[in-house]
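The structure under discussion appears below in the form of structure tokens.
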Amino acid sequence: MVFTAAQCCPSRTPGEELPWAILLAAGSGSRLAAALQGGAKQFLLWEGAPLYWRSAQVLSQSAVVGGIVFVFPEDCRHAEAERLAGLVARDDPGIPWCVVSGGPLRQDSVRLGLAAVPAAVRHVLVHDAARPFLTAALVRRVCAGLGDGYPAVIPGLPVKDTIKLVDAAAPELVVRTPARECLRAVQTPQGFDAALLRAAHARACADGMRATDDAALMEAMGHPVRIIPGEADNVKITTPEDLALLRAPASAPLPCTGLGYDVHRYGNGRPLRLGGVEIPGAPGVLAHSDGDVLLHALMDAILGCAALGDIGQHFPDSDPALEGISSALLLDRVLELATGAGVRICHADLTIVAQQPRLAPWRAEIRANVATLLGLAREHVNLKATTEEGLGFTGRGEGIKACAVVSALRNAGA
Ligand code: CTP
Ligand code: MG
């Protein structure tokens, strides 16, 4: 049942001073069988790995778990152990682990998992691999409760619905209504004194007692079970509608940021435009397009969000068609490219660096115009102007520069 070369990591000494986790992945997922065409939910591929791997990662990242016993169905234990070894090679959890076969009931799987926990380990966590959204903070809270001396620590939440007790033989008949304030919906990981849990399982086995969680076996032995706050997101993937929860993170947009920077030399060229606003009386700029340094920095920042290179690649200054072209038109094209890459601009923070002209009188107009060009509310565009205290080329009045930082959301996978 325990450790063969392919089924454990033999090179490590077990971390016996920390709790070990028993990760339950030996169920058949009967309530999801039709939706998954027979495959068990804990083996669903999620973010490139089987679902159970997510729990293993969080348990190891919590830094309070000393080792993991993976419990797999007997008929695929060897194949799963091999796949697990591959996952570990790619992304080592850094703690000892081993693989055992589970049994027909969850309770059997826990008992078999417990037998593989090194004898010197004082505390164990029992976790359902079908609860991939646990957090390291929750794991630490459970372990902290064990550290405080409680023999059983379980996460739970107050229930929102009124719960009715029904007759098992005639479930359409209500027997009674327990007071809602006395009810808790409990979750895993559940933490236990390992010796007491072993004894509770042995007694349950001998008495033929069945329970759907391990705390119930501890209760039956008369041990106090402490409830700590659970997490609303820590749901157990159980029925077909829960599968949507696994799709959500993959499709949620991801934040991204782009930085743009541009410089133009002053000279007898084109009238100075900033953010699409012409600044009368300012020095002219030398440029192939209209030389709007602010919009150029902004376009590079947007391309940065979309990971699409820079404006020089998209609009080469050797292209005669771009001679004198309005940067507002180029910005429209950049926005189209960004939209095509699944990027939605949220916010732009812009800085113009120039010794001259004075920009304070133009600030509000430039800001409003950039907001219009980006299709953003004005409060999502910020414009700053500064000099460089007479230093460098801007200080000598030889040119102007601009920086842009753009925040955006990008559709995952786009
Ligand atoms: N489990 C287990 N061994 C069993 C039964 C369940 O290791 N004999 C595990 C499941 O893989 C799951 C967790 O216990 O991670 C919680 O059980 P549950 O959600 O009931 O999963 P299944 O029993 O697989 O699903 P179902 O009850 O719908 O058949
Ligand atoms: Mg079950």
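Condition check ((1) free of Cβ contacts under 8 Å to residues at least 12 places away in the same chain; (2) assigned to a helix (DSSP H, G or I)) across all residues:
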{"site": "Gln355", "(1), (2)": "no, no"}
{"site": "Ile366", "(1), (2)": "no, yes"}
{"site": "Glu379", "(1), (2)": "yes, yes"}
{"site": "Ala402", "(1), (2)": "no, no"}
Search the stretch 277-288 for residues being crowded, with 19+ Cβ neighbours inside 10 Å and under 24 Å from Ser318 (Cβ atoms), and hand back the single one that is farthest from the chain's Cα centre (by Cα). Val285
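Which residues, taken from the stretch 387-409, are under 38 Å from the mean Cα position of the chain (by Cα) and closer than 22 Å to Val285 by Cβ? Talk me through it step by step, then tell me what you get.
Step one: list which residues in the stretch 387-409 are under 38 Å from the mean Cα position of the chain (by Cα), which gives 401-409.
Within the stretch 387-409, Lys401, Ala402, Cys403, Ala404 meet the criteria.
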Here's a check for you: in the stretch 19-34, which residue that is farther than 18 Å from Glu80 by Cα, open to solvent by 30 Å² or more (accessible area, probe 1.4 Å) and assigned to a loop (DSSP other than H, G, I, E, B) is farthest from ligand 1 (Cβ to nearest atom)? Ala34
Any chance Arg210 is modelled with pLDDT of 95 or more, open to solvent by 60 Å² or more (accessible area, probe 1.4 Å) and either at positive phi or part of a helix (DSSP H, G or I) (or both): no
Those residues of the stretch 164-191 which are in contact with a strand residue (DSSP E or B) (Cβ under 9 Å, 6 or more places away or on another chain), within 21 Å of Ala215 (Cα to Cα) and outside any strand (DSSP E or B) amount to Pro178, Arg180, Glu181, Leu183, Gln187, Thr188, Pro189
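Looking at the stretch 70-77, is at least one residue touching a residue at least 60 places away in the same chain (Cβ under 8 Å), within 16 Å of ligand 2 (Cβ to nearest atom) and either open to solvent by 50 Å² or more (accessible area, probe 1.4 Å) or in a loop (DSSP other than H, G, I, E, B) (or both)? I'd like the intermediate steps shown before the answer.
Kept after step one, since they are touching a residue at least 60 places away in the same chain (Cβ under 8 Å), are these residues of the stretch 70-77: 77.
Then keep just the ones that are within 16 Å of ligand 2 (Cβ to nearest atom); that gives none.
No; the residues of the stretch 70-77 include none that is touching a residue at least 60 places away in the same chain (Cβ under 8 Å), within 16 Å of ligand 2 (Cβ to nearest atom) and either open to solvent by 50 Å² or more (accessible area, probe 1.4 Å) or in a loop (DSSP other than H, G, I, E, B) (or both).
Every residue in the stretch 394-414 that is basic (Lys, Arg) and crowded, with 18+ Cβ neighbours inside 10 Å, please. Walk me through how you get there before you give the answer.
Narrowing the stretch 394-414 to residues basic (Lys, Arg): 396, 401, 410.
Lys401, Arg410 - these are the residues of the stretch 394-414 that are basic (Lys, Arg) and crowded, with 18+ Cβ neighbours inside 10 Å.
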Exactly one of (1) open to solvent by 20 Å² or more (accessible area, probe 1.4 Å); (2) outside any helix (DSSP H, G or I) is unmet by Val100. Its number? (1)
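Among the listed residues Gln37, Gln61, Gln107, identify the single one that is on the phi > 0 side of the Ramachandran plot and open to solvent by 10 Å² or more (accessible area, probe 1.4 Å). Walk me through it before giving the result.
Details: Gln61 fails: on the phi > 0 side of the Ramachandran plot; Gln107 fails: on the phi > 0 side of the Ramachandran plot.
So the residue among Gln37, Gln61, Gln107 that is on the phi > 0 side of the Ramachandran plot and open to solvent by 10 Å² or more (accessible area, probe 1.4 Å) is Gln37.
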Taking the stretch 320-331, which residues are open to solvent by 30 Å² or more (accessible area, probe 1.4 Å) and either free of Cβ contacts under 8 Å to residues at least 12 places away in the same chain or touching a strand residue (DSSP E or B) at 6+ places or on another chain (Cβ under 8 Å) (or both)? Pro320, Ala321, Gly324, Leu329
Could you tell me whether any residue of the stretch 226-239 is under 17 Å from Arg131 (Cα atoms), open to solvent by 30 Å² or more (accessible area, probe 1.4 Å), in a strand (DSSP E or B) and assigned by TED's automatic domain parsing to the domain that holds Arg141? yes
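The values are calculated or read from the model by the stated rules, or taken from the named source; none is laboratory data. These figures come from a predicted structure and were not determined experimentally. Heads up, the Cβs are rebuilt from the backbone with ideal geometry, glycines too, and the neighbour counts pull from every protein chain shown. Areas reflect the complete protein model, heavy atoms only, side chains present, ligands, DNA and RNA absent. Shrake-Rupley method; radii C 1.70, N 1.55, O 1.52, S 1.80 Å.
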